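Contents: one structure, followed by commentary.
The values are calculated or read from the model by the stated rules, or taken from the named source; none is laboratory data. Not measured: the values here are computed from a predicted model. A quick note on method: Cβ atoms are made from the backbone with ideal geometry, for glycine too, and the neighbour counts reach across all protein chains shown. Note: areas computed on protein heavy atoms with side chains; ligands, DNA, RNA excluded. Shrake-Rupley method; radii C 1.70, N 1.55, O 1.52, S 1.80 Å.
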Amino acid sequence: MNTYFRSLSARFNSDDYYKVLTVLLLFAAVILLMGIGWRSPWPADEPRFAEVAREMVDSGQWFFPMRGGEYYPDKPPVFMWSIALFYAVTGSLKVAFLLPNAIAGFITLFLVFDLGARLWSVKVGRNAALLLMLAPQFIVQSKNAQIDAMVMCWITIGCYGLIRHFMSGPHWRWYFTGWAFMGLGVITKGVGFLPLFMMLPIIIYGLKNKTLFADKLRWNCLAGPLVMLAVIACWVIPMVLIVQHYHTPEMIAYQNNILFKQTGERYANSWHHIKPWYYYLVSVVPGLWFPLPLLIVAHWRRFIDKVKAEPTIAILLIWVVLVILFFSISPGKRGVYILPALPMFALAIAAIITDLKPKRWLEYLITGLLTLLAMVLTTTGILALAKHPVILKKLVDYPVDIISAGYLLLFIGVLWLTTLVLLRKHASLLRMGVILTIGWILISTFGYRILEPIRTPEAIMAKTGETIGDGELGLIDFKEQFILFSPVDITHFSYLATAREQERNAWIWITEKPKRYLLVPQNSKYKCFDTTDAQLMGSAHRDDWILLSPADRLPNCTPPKRKQRFFTPKPGRWMN
């Protein structure tokens, strides 16, 4: 087995490597970079991170993330720093907020390709990267501004460092680099330590055969976690020292939330996104990792033989299982949590199936699913153009341009069907790759233009700004996008407070000066205001929003338990 590991890195043709890598990255650029600058941050998470980054640049205070002038304690600052950095450099928030994850996607693709080429062959590396791009979850997250794609990148670098050392090393520089990026992953989203799970199968294989990692699994390895902790300390220690120096209640609450509530407590005793233990196996992996799981089913005999024969594949797959198990144990689950396991899963699958002949039943199944999806898109586009009652009923809460949407869906559906016919003699995975590329290009251009008006509250905030003129605006029971898109100064009463506490603080605020107004959701019940004569500003995110003036306040209101208000000057300046 030691001979096996040494032979892995010998299968490396540098000429083919760079040719294939260049084409691969150019192809990835078309998908990952298309649409950057074409749209604004969209809910649920993008406006939050974009607003935090915008405030960093505007205020010059980068160390403690702020949301509408209030500490944002849910996530460490690294992802917001990256958006803020690109915003400071480019001056465009529309460009800046999507760039970090696009770059993270590029890095992840390169690392997967490089490992495949070094450990097996350039063909395996190419196939691993292409399989990764076929999985919907990878592209969706790389083209969005959620934190998980960056965490995936750091975790993949962590895995890369361990694999380079143990499978093609010894390579102590890469080993410690991997641990350093685990630390960076921790101060990005807490779970950056996941590559250390790979040490479990490595140690087990090392104990079974002491010659396997004889020159790699040494006492030096114990310094790896120290490197990870050193990187974490670069942020945690200054943060704690600053908090202890100023010792304000807000800073102490931030420190305790970010260090304890958002880590161990959130994992062991989640308070939202509660799902059953089998959620990932039933609701995430089959769809968002499609078609990779089917490839295991189709080639299960080869799968078993390869796992038995090649420790590298076994170690990769054991690590993937451990990551999914880790997140399955926690009661709180979101599909994006297991994204970091996808790159190594794609690498293992590519190593198993490369050079195998496709199974006929799998070809028929994938072709049938793609044809069905294309027909659904075509039919939906036709119904939308005809303004069929079924479509109109589905879109009643979304003021979308139904004609433009209909043409787009029809165009995508017809192109997909045409591609399936023209490439009918080619493998189903190739056809899937071509039609997905077409889909991503069209969605990232025309789709963004169609969806932009219904994914942001820009129209409501513009109308509100025109209505109040030189008045002041407060928000109750809101989401971050209402701050981000506001052309006027914003006051809010703690995003972390209950809606009732926000209302009580808003009642005090609106009584203090004339020409103060509140933008609030119409469907909520209020104890301190009469909404009978409130002005309707419009609909956004399936809610109607109304404007309350000082005349709408009731004579009395229960005092808040704590007086809180946070001010942000004209946050929507980035749109100009």
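Quick notes on this one:
- Condition check for ARG173: charged (D, E, K, R), part of a helix (DSSP H, G or I) and in contact with a helix residue (DSSP H, G or I) (Cβ under 6 Å, 6 or more places away or on another chain): no
- Selection status of LEU212, among the aliphatic types (A, V, I, L, M), at negative phi, more than 27 Å from the chain's Cα centre (by Cα) and open to solvent by 60 Å² or more (accessible area, probe 1.4 Å): no
Rundown of residues vs (1) crowded, with 22+ Cβ neighbours inside 10 Å; (2) closer than 19 Å to PRO76 by Cβ, yes/no style:
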site: SER121; (1), (2): no, no
site: ALA128; (1), (2): yes, no
site: PRO136; (1), (2): no, no
site: ASP148; (1), (2): yes, yes
site: VAL186; (1), (2): yes, yes
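- Residues being in a helix (DSSP H, G or I) and in contact (Cβ under 8 Å) with a residue 40 or more places away in the chain - total across the stretch 182-219: 15
- Residue that is farthest from LYS525 (Cα to Cα) [pool: residues in the stretch 441-488 that are among the aromatic types (Phe, Trp, Tyr) and out of contact with any Asp or Glu (no Cβ under 8 Å at 6 or more places or on another chain)]: PHE446
- Criterion violated by VAL284 - all others in (1) in contact with a Pro (Cβ under 9 Å, 6 or more places away or on another chain); (2) at pLDDT 95 or above satisfied: (1)
- Only one of the numbered conditions (1) crowded, with 24+ Cβ neighbours inside 10 Å; (2) under 12 Å from the mean Cα position of the chain (by Cα); (3) among the hydrophobic types (A, V, I, L, M, F, W, C) is violated by ALA102, and that is (1).
- Failed condition for GLN564, given (1) open to solvent by less than 80 Å² (accessible area, probe 1.4 Å); (2) not in a loop (DSSP other than H, G, I, E, B): (2)
- Residue match in the stretch 105-112 (condition: in contact with a Phe, Trp or Tyr (Cβ under 8 Å, 6 or more places away or on another chain), aromatic (Phe, Trp, Tyr) and either at pLDDT 95 or above or surrounded by 20 or more Cβ atoms within 10 Å (Cβ to Cβ) (or both)): no
- Filtered residues of the stretch 543-557 (kept if open to solvent by less than 80 Å² (accessible area, probe 1.4 Å) and in a loop (DSSP other than H, G, I, E, B)): SER549, LEU554, CYS557
- Residues in the stretch 225-276 that are of a type in the set (Lys, Arg) and not in a loop (DSSP other than H, G, I, E, B): LYS261, ARG266.
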